[in-house]
Amino acid sequence: MSKIGLDTGFLIKLYAKDEKAIELWREIVNHEYSLTLNILSIFEFLRVSLRANKDYFSSVAFLDKIKQTTNILNITDNLCCLASKLSTIYKLASMEALILTSLFEAGCEIILTTNKDFKRIKETKIILV
């Protein structure tokens, strides 16, 4: 079973009912892929929602549905060390590097994102939404 990593931008697009994001989500659900999400993406999603004056409880309910089918990754000491290297090599912001490194380390073969900076990384398939 293929592992798919979900980045914050994908969650934001899915919540906003973006057609491409919805199409990808339906394909994922229909094929029963293994989904992975970093806990920092939960933080980022809620922060963006609050800044955009979205209803907090609706945002949390959306995340609760996502979490039912998704493996949530935490941050570890080792992950921080690896992310610092990735951040330096590819000139990524700290949060981006932590999220991306965790998805790599979890074995994600595909990452769904809106972050064009991730396309510089050739170690995995990046799908821009």
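None of the figures in this text is laboratory data; all of them are computed from the coordinates on show. Keep in mind the model is a prediction, meaning the values are calculated, not measured. Glycine gets a Cβ as well: all are built from the backbone with ideal geometry, and neighbour counts include every protein chain shown.
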Scanning the range 1-34 for residues that are in a helix (DSSP H, G or I), within 12 Å of the chain's Cα centre (by Cα) and of a type outside the set (A, V, I, L, M, F, W, C), the one farthest from Lys125 (Cα to Cα) turns out to be Lys13
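Applying the selection to the range 35-54, what residues are assigned to a helix (DSSP H, G or I), under 19 Å from Gln68 (Cα atoms) and in contact (Cβ under 8 Å) with a residue 24 or more places away in the chain? Explain how you work it out, then say what you get.
Step one: of the range 35-54, the residues assigned to a helix (DSSP H, G or I) are 39-51.
Cutting the leftovers down to under 19 Å from Gln68 (Cα atoms) gives us 39-46.
Once the filter is applied, which keeps residues that are assigned to a helix (DSSP H, G or I), under 19 Å from Gln68 (Cα atoms) and in contact (Cβ under 8 Å) with a residue 24 or more places away in the chain, the range 35-54 yields Ile39, Leu40, Ser41, Ile42, Glu44, Phe45.
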Given (1) surrounded by fewer than 18 Cβ atoms within 10 Å (Cβ to Cβ); (2) among the acidic types (Asp, Glu); (3) not in a loop (DSSP other than H, G, I, E, B), index of the condition Glu123 fails | (3)
What do you reckon, is Ile89 of a type outside the set (Asp, Glu), surrounded by fewer than 12 Cβ atoms within 10 Å (Cβ to Cβ) and farther than 24 Å from Ala16 by Cβ?
-> yes
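Within the range 35-71, track down each residue that is under 25 Å from Arg120 (Cα atoms) and of a type outside the set (Asp, Glu).
We begin by selecting, within the range 35-71, every residue under 25 Å from Arg120 (Cα atoms); these are 35-45, 48.
Those that are under 25 Å from Arg120 (Cα atoms) and of a type outside the set (Asp, Glu): Leu35, Thr36, Leu37, Asn38, Ile39, Leu40, Ser41, Ile42, Phe43, Phe45, Val48.
Hey, could you check the range 55-98 for residues that are polar (S, T, N, Q) and part of a loop (DSSP other than H, G, I, E, B) and say which is nearest to Ile4 (Cα to Cα)?
Taking the range 55-98 as the starting set, the residues that turn out to be polar (S, T, N, Q) are 58-59, 68-71, 74, 76, 78, 84, 87-88, 94.
Right, trim to part of a loop (DSSP other than H, G, I, E, B) and you get 68-69, 74, 76.
On the way: Gln68: 15, Thr69: 12, Asn74: 16, Thr76: 20 Å.
Among those that are polar (S, T, N, Q) and part of a loop (DSSP other than H, G, I, E, B), it is Thr69.
Only one residue in Ile75, Ile66 is crowded, with 18+ Cβ neighbours inside 10 Å, in contact (Cβ under 8 Å) with a residue 24 or more places away in the chain and within 21 Å of Thr101 (Cα to Cα). Which one?
From the options Ile75, Ile66, the qualifying one is Ile66.
Specify which of the listed residues (Cys108, Cys80) is over 14 Å from Ile42 (Cα atoms) and free of Cβ contacts under 8 Å to residues at least 40 places away in the same chain. Even if it seems obvious, please write down each step before you answer.
Details: Cys108 fails: free of Cβ contacts under 8 Å to residues at least 40 places away in the same chain.
On inspection, the qualifying residue turns out to be Cys80.
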Which ones in the range 1-56 are surrounded by fewer than 18 Cβ atoms within 10 Å (Cβ to Cβ) and of a type in the set (Ser, Thr, Tyr)?
-> Ser2, Tyr33, Ser34, Tyr56
